[in-house]
Amino acid sequence: AKREGGARHRLFHPEMGEEVLARQRDKVDLRAAIDSGQLVLHYQPIVDLATGRVTGAEALVRWQRPGHGLLGPMEFIGLAEETGLIVPLGNRVLLDACEQAVRWQDRSIGVTVNVSTRQLSQAGFLDTLDEVLTTTGLRPKGLTIEVTESVWADEVAMRTLMAVRDTGVRVALDDFGTGYSSLSYLQRYPFDVVKIDKSFTAELGESGRTAGVVRCIIDLTRVLGAVAVAEGIETPAQAEWLRVAGCDYAQGYLFGKPDMAENWDVQPSVVWAA
Ligand code: C2E
Ligand code: CA
Ligand code: CA
Ligand code: CA
């Protein structure tokens with residue numbers, strides 16, 4: 001059914017009404033969750049393939065939603081993006097992750113945070129980042145911001161990202177190869193880190209063609225003066241192949257699943273040996 005009248009002309013198709021109401025409830029609940037501590041961060045280790053040492057941690061958000069259990073980001077980031085709640089949500093994630101990064105500074109573990117293009121294109125982003133670094137006392141080098149290739153399509157977000165980089169915070173290109181990359185963008189705008197998407201690394205043992213592509217991404221990353229992080233590593237064979245191919249870092253269930261920071265205290269600092 002299409003809406004034709006004004007606000008006065010409300011249509012309640014029974015099923016559609018259900019959907020709209022459920023969505024409205026999700027939105028209200030998510031809004032409340034941001035301020036009431038229901039968003040929790042799990043951290044996944046990032047490993048230096050030459051030494052097997054954990055050098056970083058990616059913060060991945062979850063929603064401990066009463067009556068629903070622990071929800072993964074795929075279940076609510078989309079809604080947050082559509083409703084604009086991604087901005088307060090992202091700010092909360094940034095602050096929590098930086099507080100954790102300060103606790104890990106003496107272990108030389110840097111923290112990596114996913115930032116959506118929409119969040120980055122908000123006028124206040126740089127001020128928020130500056131405030132978070134100041135209040136937590138985190139050195140900019142201890143923080144990496146991950147963006148996806150959708151950032152290329154947004155000029156404001158791209159300019160903000162380069163300003164972020166000027167502050168000393170490192171920037172990473174996430175899920176590389178799955179979106180709209182252009183070599184001319186890559187050449188023009190510097191990134192510190194390129195993350196090779198798991199859709200490539202998953203096929204490493206199976207396809208010689210994929211292996212060739214991954215080798216090229218690693219070489220390209222080096223030419224651009226960035227470091228490569230391979231995602232989704234689940235087997236020792238994948239890790240060993242990547243190490244030999246010259247990939248600097250890797251992340252995946254082989255080294256550790258995303259987990260609460262508290263559980264990191266009992267983990268060894270070296271998690272893999274070639
Ligand atoms: P991503 O940034 O590509 O994060 C990696 C995802 O792959 C995570 O899923 C992680 O749990 C999963 N993963 C890691 N290692 C392995 C592996 O060895 N095998 C397999 N099969 N999967 C692995 P998760 O936690 O469900 O996050 C999904 C996505 O949600 C993230 O993808 C990221 O794009 C987004 N996301 C997470 N946290 C945030 C956030 O705070 N803000 C924003 N804007 N997006 C976030
Ligand atoms: Ca990421
Ligand atoms: Ca990724
Ligand atoms: Ca991904």
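The values are calculated or read from the model by the stated rules, or taken from the named source; none is laboratory data. Computed from a predicted structure; not experimentally measured. Every residue, glycine among them, receives a Cβ derived from its backbone with ideal geometry; neighbour counts consider all protein chains shown.
One residue stands out among those in segment 247-268 that are part of a loop (DSSP other than H, G, I, E, B) and exposed (fewer than 14 other Cβ atoms within 10 Å of the Cβ): the one that is modelled with the lowest pLDDT, which is Gln267.
Filtered by the rule that a residue be within 19 Å of Gly84 (Cα to Cα), part of a helix (DSSP H, G or I) and away from ligand 4 (no atom under 16 Å from the Cβ), segment 121-154 gives Phe125, Leu126, Asp127, Thr128, Leu129, Ala153. Of all residues in segment 198-212, which are among the small types (Gly, Ala, Ser) and within 15 Å of ligand 1 (Cβ to nearest atom)? Within segment 198-212, Ser199, Ala202, Gly205 qualify.
All of Gln105, Gln122 fail the test of being touching a Lys or Arg at 6+ places or on another chain (Cβ under 9 Å) and either touching a residue at least 12 places away in the same chain (Cβ under 8 Å) or closer than 19 Å to Gly168 by Cα (or both), apart from Gln105.
Could you please find all residues in segment 155-189 being hydrophobic (A, V, I, L, M, F, W, C) and either in a strand (DSSP E or B) or touching a strand residue (DSSP E or B) at 6+ places or on another chain (Cβ under 7 Å) (or both)? If the condition is that a residue be hydrophobic (A, V, I, L, M, F, W, C) and either in a strand (DSSP E or B) or touching a strand residue (DSSP E or B) at 6+ places or on another chain (Cβ under 7 Å) (or both), then Leu161, Val164, Val169, Val171, Ala172, Leu173, Phe176 are the ones that fit. The single condition among (1) closer than 26 Å to Asp48 by Cα; (2) crowded, with 19+ Cβ neighbours inside 10 Å that Arg165 does not satisfy is (2).
Tallying residues that are part of a loop (DSSP other than H, G, I, E, B), surrounded by fewer than 24 Cβ atoms within 10 Å (Cβ to Cβ) and within 16 Å of ligand 3 (Cβ to nearest atom) within segment 228-246 yields 3.
Note on segment 189-239: among residues that are closer than 21 Å to Ala274 by Cβ and among the polar types (S, T, N, Q), the one that is nearest to ligand 4 (Cβ to nearest atom) is Thr201.
Do we have Val194 as within 16 Å of ligand 2 (Cβ to nearest atom) and under 22 Å from Thr144 (Cα atoms) here? So Val194 passes the test.
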